[in-house]
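The values are calculated or read from the model by the stated rules, or taken from the named source; none is laboratory data. Just so we're clear, the structure is a prediction, and the values are computed from it rather than from any experiment. Every residue, glycine among them, receives a Cβ derived from its backbone with ideal geometry; neighbour counts consider all protein chains shown. For the accessible areas, the whole protein counts, side chains as well, though only heavy atoms, and no ligand, DNA or RNA atoms are used. Shrake-Rupley method; radii C 1.70, N 1.55, O 1.52, S 1.80 Å.
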Number of protein chains: 2
Amino acid sequence: VSGKIVVFNEDWVSYGETVKYRDYAAANAASYGAVATLVRSVTPFSLNTPHTGWQDYNNSVTKIPTACITPEDAHMLHRMYKRGAKLLINIKMGAQHLSDSVSRNTVAELKGILSPDKVVLVSGHLDSWDVGTGAMDDGGGAFISWGALALLRKLNFKSRRTIRSVLWTAEEIGLVGAFAYAKRHRDENQKFTLLMESDEGTFNPLGIEFGGTDQAACVIQEIVKLLHPINATNLERSDNIGSDIMVWANEGIPRASLLNENGKYFWYHHSDADTMDVEDSENLDKCLAVWTAVAYVAADLSIDIPRK
Amino acid sequence: VSGKIVVFNEDWVSYGETVKYRDYAAANAASYGAVATLVRSVTPFSLNTPHTGWQDYNNSVTKIPTACITPEDAHMLHRMYKRGAKLLINIKMGAQHLSDSVSRNTVAELKGILSPDKVVLVSGHLDSWDVGTGAMDDGGGAFISWGALALLRKLNFKSRRTIRSVLWTAEEIGLVGAFAYAKRHRDENQKFTLLMESDEGTFNPLGIEFGGTDQAACVIQEIVKLLHPINATNLERSDNIGSDIMVWANEGIPRASLLNENGKYFWYHHSDADTMDVEDSENLDKCLAVWTAVAYVAADLSIDIPRK
């Protein structure tokens, strides 16, 4: 591939599996002497839709240009290649690397009335890519994490522990806000009883995705049962919970995410199609209900949620 | 609306219902003094997808600029309007009206061996809009209408009547090729025993959509029964059959279209997303089978299909 533009036309398997090509294509191809990479957009469905997203450079190799093309264009190039056509590609890009600037996490809390130093954290991230409006990634998550506090305050509900809302900054370029928060508040790790983050859609809610011990899962299952009026009583277990809160993955703190009918999430993700239209106000209200109820009950439990 | 840009944000009902806005918005708004129109793209689903298409001008009013915007942009403008925002829109368009030039229908036939002057016509249209590649509208229809003859010739199947394939030109700008054909071949109307056109997708085929008398429908139903090996035995009746062959609607000639699982046809129609990816080779082969079998059996019947 030396001296060539390398095109990656990798079939969608899952976001976790397939995003590797977008993340590491440029650095890997550059290590073999490629001059640029084009990567098929990471999505299971396209209407000629290009998607963007984070990708990694590696300081030991030349930083070559890289861009995502639509699945349709990737397929077309593949068909041309298979029939032996000579492919000549001329790439013109206007992307620039700008210097860093200051950005901040947005933090609010409702102080606990019995154990204010113990914290249930609800969160979403406030930044988005410069395509669409980032309504689903992650306007919805930010909305319900902010809305949970607003709703509890309006209802005048006070919990034993503090409920803290954090709207992370700079998630998209590598969890920058979350890492900075974790570093600055390292001494608070023992005080977190539950970390919650919604960053996988705010479609019709089904319940909670949870990472933690079996004992902790039993507690969360009991909380989720309370959501039967809106049919959101599912508990799914996973070790891979949250994006920003993954920063605390090794701390043994229970972590929860919003489980929702997000089968089309990656149709919109990081594309021009991630607009307000994707959010349904009724679903968003139900997501807010799940988020608020789980955070409130977890913060008001008589015992701390067991941790690893 | 005098002196204003008029934005139409009309909900999708069906293509027939909703396309009226794209077709007649400019002429209607111009008659009230509007300076331009923007019309929400005619589609039930969008990933920020603009669609184009034919629209009508009216010689009695000023020809004002008109363009389609994405459903998402139309919704956004509507939300802004509802909350009382002052909407200032600046339209820049590069569209031009070019002068007419010569274009031709493409015609081929397999001569009938007993009644060569009687004709079963299979057709699709060869032109497309300058977005996507027009694979579904109407590459697929052109493919099966051409392929039917190629397949019969390869199998050395000869029918009593002639099977004629016509790939219409300039369908998109107003059935120009079909009107020219109908005018030139007006004396052949009595010789057509069945007019077939596929212009509504080549997804998984289900059978035939048919317009004609009850007696004629009985004959076509018997033909369609032969397609049970590929589960395409459905016959649906309709008066609104075909696009180009609508030109013969008042002649009483039986007309048939391909019935297929085209629920997503208008996701792609007249947009950048109408690419080769939308065609599935197995479905296309099955569509070709339906098209070829129906045309062949209709052309080889011992009796002419009853007409109005």
State which residue pairs qualify: first residue assigned by TED's automatic domain parsing to the domain that holds B:T233 and farther than 13 Å from B:I253 by Cα and inside region B:184-213, second residue part of a loop (DSSP other than H, G, I, E, B) and of a type in the set (D, E) in any location, beta carbons under 6 Å apart, and separation of 6 or more residues or different chains. B:F203/B:E261; B:N204/B:E261
For residues that are assigned to a helix (DSSP H, G or I) and within 22 Å of B:N250 (Cβ to Cβ), scanning just region B:152-183, find the one that is farthest from the chain's Cα centre (by Cα). B:K183
Residues in region A:44-67 that are in contact with an Asp or Glu (Cβ under 8 Å, 6 or more places away or on another chain), away from chain B (no Cβ under 14 Å) and not acidic (D, E): how many? 3
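Open to solvent by less than 10 Å² (accessible area, probe 1.4 Å) and either modelled with pLDDT under 95 or at positive phi (or both), is that true of B:G201?
Criteria met by B:G201.
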For region B:167-198, which positions are surrounded by fewer than 22 Cβ atoms within 10 Å (Cβ to Cβ) and charged (D, E, K, R)? B:E172, B:K183, B:R184, B:R186, B:D187, B:E188, B:K191
Candidate set: region B:89-135, residues that are touching a Lys or Arg at 6+ places or on another chain (Cβ under 6 Å) and acidic (D, E); chosen: the one surrounded by the fewest Cβ atoms within 10 Å (Cβ to Cβ): B:D117
Please determine whether any residue of region A:249-269 is within 14 Å of chain B (Cβ to nearest Cβ), open to solvent by 60 Å² or more (accessible area, probe 1.4 Å) and either at negative phi or among the aliphatic types (A, V, I, L, M) (or both). yes
For B:V278, indicate whether it is over 16 Å from the mean Cα position of the chain (by Cα), within 21 Å of B:W54 (Cβ to Cβ) and open to solvent by 10 Å² or more (accessible area, probe 1.4 Å). yes
Evaluate the following for B:N240: is it at pLDDT below 95 and either under 25 Å from B:D130 (Cα atoms) or assigned by TED's automatic domain parsing to the domain that holds B:S128 (or both)? yes
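Just to be sure, is B:V42 at pLDDT 95 or above and open to solvent by less than 80 Å² (accessible area, probe 1.4 Å)?
yes
The rows are residues; the columns are (1) within 26 Å of A:H269 (Cα to Cα); (2) away from every other protein chain (no Cβ under 14 Å).
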position	(1), (2)
A:V19	yes, yes
A:A27	yes, yes
A:S31	no, yes
A:A36	yes, yes
A:V42	yes, yes
A:I69	yes, no
A:K86	no, yes
A:I113	no, yes
Does A:K63 qualify as being over 30 Å from B:D274 (Cα atoms) and out of contact with any Gly (no Cβ under 6 Å at 6 or more places or on another chain)? yes
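To keep it simple, each residue is scored yes or no on (1) out of contact with any Phe, Trp or Tyr (no Cβ under 6 Å at 6 or more places or on another chain); (2) in a loop (DSSP other than H, G, I, E, B); (3) touching a residue at least 24 places away in the same chain (Cβ under 8 Å).
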{"position": "A:V19", "(1), (2), (3)": "yes, no, yes"}
{"position": "A:A25", "(1), (2), (3)": "no, no, yes"}
{"position": "A:A29", "(1), (2), (3)": "yes, no, yes"}
{"position": "A:V39", "(1), (2), (3)": "no, no, yes"}
{"position": "A:P44", "(1), (2), (3)": "no, yes, yes"}
{"position": "A:A85", "(1), (2), (3)": "yes, yes, no"}
{"position": "A:D100", "(1), (2), (3)": "yes, yes, no"}
{"position": "A:P116", "(1), (2), (3)": "yes, no, yes"}
{"position": "A:D127", "(1), (2), (3)": "yes, yes, yes"}
Would you check if B:I245 is free of Cβ contacts under 8 Å to residues at least 60 places away in the same chain and surrounded by 22 or more Cβ atoms within 10 Å (Cβ to Cβ)? no
Would you tally the residues in region B:62-83 being in a helix (DSSP H, G or I), within 20 Å of B:D23 (Cα to Cα) and among the hydrophobic types (A, V, I, L, M, F, W, C)? 1
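Residues that are open to solvent by 10 Å² or more (accessible area, probe 1.4 Å), within 22 Å of B:E261 (Cβ to Cβ) and of a type in the set (F, W, Y): does region B:153-160 have at least one?
No - not one qualifying residue is present in region B:153-160.
Looking only at residues that are open to solvent by 30 Å² or more (accessible area, probe 1.4 Å) and out of contact with any helix residue (DSSP H, G or I) (no Cβ under 8 Å at 6 or more places or on another chain) in region B:281-302, which one is farthest from the other protein chains (Cβ to nearest Cβ)?
B:S302
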Taking only region B:248-269 into account, find how many residues are touching a helix residue (DSSP H, G or I) at 6+ places or on another chain (Cβ under 7 Å) and over 16 Å from B:K308 (Cβ atoms). 6
